[in-house]
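What follows draws every value from the coordinates through simple rules; no lab data is involved. The shown structure was predicted, so the numbers you read here are calculated from the model rather than taken from an experiment. Cβ placement follows ideal geometry from the backbone for every residue including glycine, while neighbour counts extend to all protein chains displayed.
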Amino acid sequence: MKDLFKVSTRTIVATGLGAAIFTLLFMYVKVPSPIPETSFQTAYGLGAFFATLFGPIAGALIAFIGHALSDAIQYGSPWWSWVIASGVAGFVFGFAFKRTKVELGEFKGKDILTFNIIQVIGNVIAWVIVAPVLDILIYSEPVNLVFTQGITAAIMNSVSAGVIGTLLLIAYAATRTKKGSLSKE
Amino acid sequence: MTVKAKLFSYNLLDTPIHELSGLTKLICFLLLTFAVMFSYDIRVILAVMVFSFIVLKISRIKFSQIRLMVIYVLIFLVTNAVISFFFSPEEGVKIYGTRHNLVAIYGGMYITWEQIFYQVTKFFKYGSVIPLGIIFLLTTNPSEFASSLNRIKVNYKAAFAVALTLRYFPDVQREYRDISLAQQARGLDLSHKAKFKDRFKNALMIIIPLIFSTLDRIELISNAMDLRGFAKNKTRTWYTTRRMNRKDFIALAISALIFISTILISVFINHGRFYNPFI
């Protein structure tokens, strides 16, 4: 468990560069949805992928920094409630760290299931609970509006993390050397 | 998919705002944004807004620098206003506890003065934060930003991650554009002509090479940093730290004053976050 929160130089660098890609995807690679102010964000797929490889701290910071930065560039100021919710989502995604065999070159059946259960839990906590509650507390937005937005966001980000995250992890596993791939002749 | 946004189009000018240290600007930005985030009193919000426009003027930011941002924000504010109304046309009545009908619209729904007041307040509330953010972004040296974060007690490792993000964002952006052009040259269609499913798949064809080249780069950079002994000590120093001088303290004092008076107005005059002119 303690390993989960270990911060090495690699974690920090992964956070920095991960957040840079997150910002980029967040701004340019998204598909608008019918519910206003929400869209299908490919960035969360990337966030889930990095969180699985580098842990909850990296996951939380990537989503937090990435979201805050892209908000700041586009709107001049971050929308704090959703930025914090992004951080929470990234943090929960990070619990898939070391729970799958992706570093050993294997990402199939059970690992895919583990990863997806964790990412759905993360998205639900972040978008159905944290984001709407903070929206109401900080900005006094109408209750039914923020929950509608939250549920939409949870569904779309789960799909994004599920589809893109899983595909990325499979691709990544293929680049790792498999355990026991060497045999003595 | 054109990528043209410039991150922190910071340029050094000789204005009092540029002279302030990054730390000062960060704290002032947080104080002022928290003040308007907290308050739903239109008088406070407009005062902060006027103040931030004056600061915007002093820092000599040109409209051409922020035009795109302003357009985005206006679109956001208008959609927010429209959907808040349709989701909750009685929000104003709920908040202010009175009802003054203005016009009846379809099906027993009314546009009330309360709702208009609530939405106008909200419009300015969100709008007033924008100049503050713009001032902060455009007058702060990005490399000084990380050291300022560290000085408000953000762990230096996290501050360093932010510095790395700012440093590598332009690189990632360039790489994204290169990959995207290369894939398009091979016949990948990213325009609106392609089907939704294809566009999704095609976006993935750009993301995957981008991520895998970044993973290589992560190894490279973290090895280089490890070799130079990064994170061996509990604290670190920064090249770009500036000393605080008299101007910094004046700016901090003004922001703190605005922040405290916002809280005091809410507690003693409005008895809550909302200013209620209806009773």
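Place a +1 charge on the Cβ of each Lys and Arg in segment A:97-185 and a -1 charge on the Cβ of each Asp and Glu, then give the dipole magnitude about the Cα centre in debye, rounded to the nearest 20. Don't jump to the answer; show the numbers that get you there.
Values: 9 positive and 6 negative charges, 131 e Å.
Using Cβ point charges on Lys, Arg, Asp and Glu, segment A:97-185 gives about 620 debye.
For chain B, which longest stretch is free of loop sites, where a loop site is one of the chymotrypsin sites (Phe, Trp or Tyr not before Pro) that DSSP puts outside H, G, I, E and B and that has at most 12 other Cβ atoms within 10 Å? Let's see the in-between values first.
Working: sites that count: B:TYR106, B:TYR239.
Segment B:107-238 is the longest.
List the lysines whose alpha-carbon lies under 22 Å from that of A:LYS108, not counting same-chain residues fewer than 8 positions away?
Correct list for A:LYS108: A:LYS98, A:LYS178, A:LYS179, B:LYS201.
Can you list the lysines whose alpha carbon is less than 22 Å from that of B:LYS94, not counting same-chain residues fewer than 8 positions off?
B:LYS122, B:LYS125
Can you run the Rg to Rh ratio on segment B:181-279? Use alpha carbon positions and the Kirkwood inverse-distance Rh. Numbers along the way, then the final one.
Working: Rg = 27.1 Å, Rh = 20.7 Å.
Result: Rg/Rh = 1.31.
Ranked by Cβ crowding within 10 angstrom, fewest neighbours first, how are B:HIS271, B:HIS18, B:HIS100 ordered?
In order of increasing Cβ crowding within 10 Å: B:HIS271, B:HIS100, B:HIS18.
With r as the distance between the Cβ atoms of A:ARG99 and B:ARG167 and R0 = 41 Å, compute the FRET efficiency 1/(1 + (r/R0)^6) and round to 0.05. If you can, show how the numbers build up before the last one.
On the way: r = 32 Å, r/R0 = 0.77.
Using R0 = 41 Å, I get an efficiency of 0.80.
Treating the Cα atoms of segment A:2-175 as identical point scatterers in vacuum, please give the log10 of the normalised Debye intensity I(q)/I(0) at q = 0.12, 0.18, 0.20 Å⁻¹, two decimals.
So the normalised log intensities work out to -0.49, -1.08, -1.31.
Which cross-chain or sequence-distant (5 or more) residues have an amide H under 5 Å from the amide H of B:TYR110, H modelled 1.01 Å from N in plane?
B:ILE105
Please give, to one decimal in nm, the separation of the simple spin-label points placed at A:ILE138 and B:VAL120, each 7 Å out from Cα toward the Cβ.
Between A:ILE138 and B:VAL120, the simple spin-label model gives 2.7 nm.
Assuming R0 = 35 Å, what is the FRET efficiency of B:THR15 and B:ARG273, from their Cβ-Cβ distance, to the nearest 0.05? Spell out each step's value before the answer.
Values: r = 34 Å, r/R0 = 0.98.
The computed FRET efficiency comes out at 0.55.
Please work out the ratio of the alpha-carbon Rg of segment B:32-182 to 2.2 N^0.38 Å and round it to two decimals.
Values: Rg = 20.6 Å, N = 151, 2.2 N^0.38 = 14.8 Å.
Rg over 2.2 N^0.38 Å, computed on Cα atoms: 1.39.
So, R0 is 56 Å and r is the distance between the beta-carbons of B:ASP198 and A:ILE129; what FRET efficiency does that work out to, to 0.05? Display every interim value, and only then the final one.
Details: r = 35 Å, r/R0 = 0.63.
Given R0 = 56 Å and the Cβ-Cβ separation, E is 0.95.
Pull up all non-local amide H partners of A:PHE40: gap of 5 or more, or a different chain, and H-to-H distance under 5 Å with H placed in the peptide plane.
Residues meeting the amide H criterion: A:VAL31, A:SER33.
Computed on alpha carbon atoms, what radius of gyration and Dmax characterise segment B:155-227, expressed in Å?
When restricted to Cα atoms, segment B:155-227 yields Rg and Dmax of 15.7, 49 Å.
Per-residue ellipticity at 222 nm for chain B, helices alone: DSSP H runs ≥ 4 residues times -39500 (n - 2.57), over residue total, nearest 500 deg cm²/dmol? Write out the running numbers ahead of the final one.
Numbers: 10 runs with 187 residues, N = 279.
Computed ellipticity for chain B at 222 nm equals -23000 deg cm²/dmol.
HN-Hα J couplings of segment B:19-30 from phi, Karplus 6.51/-1.76/1.60, θ = phi - 60°, integer Hz, Gly and Pro as x?
So the J values, rounded to whole Hz, are 6, 5, 6, x, 4, 4, 5, 5, 5, 4, 4, 5.
I need A:THR9, A:THR52, B:THR235, B:THR139 ordered by Cβ neighbour count within 10 Å, fewest first. All intermediate terms of the calculation are to be shown ahead of the outcome.
Working: A:THR9 22, A:THR52 32, B:THR235 7, B:THR139 25.
Placing the least packed residue first, the sequence is B:THR235, A:THR9, B:THR139, A:THR52.
Lys/Arg Cβ at +1, Asp/Glu Cβ at -1, dipole of the protein assembly as shown taken about the Cα centre: which of B:SER64, B:TYR176, A:GLY45 is farthest positive-ward?
The residue sitting most towards the positive pole is B:TYR176.
So for chain B, what are the equivalent ellipsoid semi-axes in whole Å, largest first, each being the square root of 5 times an eigenvalue of the Cα gyration tensor? Before the final figure, lay out each step's value.
Details: eigenvalues 317, 194, 55 Å².
The answer is 40, 31, 17 Å, longest axis first.
So how far, in whole Å, is the C-alpha centre of segment A:67-104 from the one of segment B:163-227?
The distance from the Cα centre of segment A:67-104 to that of segment B:163-227 comes to 19 Å.
Give me the Å³ per residue figure for the convex hull around the C-alpha atoms of the protein assembly as shown. Could the numbers behind the result be given before it?
Values: hull volume 83.8 nm³, N = 464.
So the per-residue hull volume is 181 Å³.
Dipole of segment B:192-279, Cα-centred, from +1 at each Lys and Arg C-beta and -1 at each Asp and Glu C-beta, to the nearest 20 debye?
Numbers: 15 positive and 5 negative charges, 33 e Å.
Once rounded to the nearest 20, the dipole reads 160 debye.
Excluding residues fewer than 8 places away in the same chain, name every one of the lysines whose C-alpha is closer than 23 Å to that of B:LYS234.
Answer for B:LYS234, where 23 Å is the Cα cut-off: A:LYS2, A:LYS6, B:LYS153, B:LYS157, listed by chain and number.
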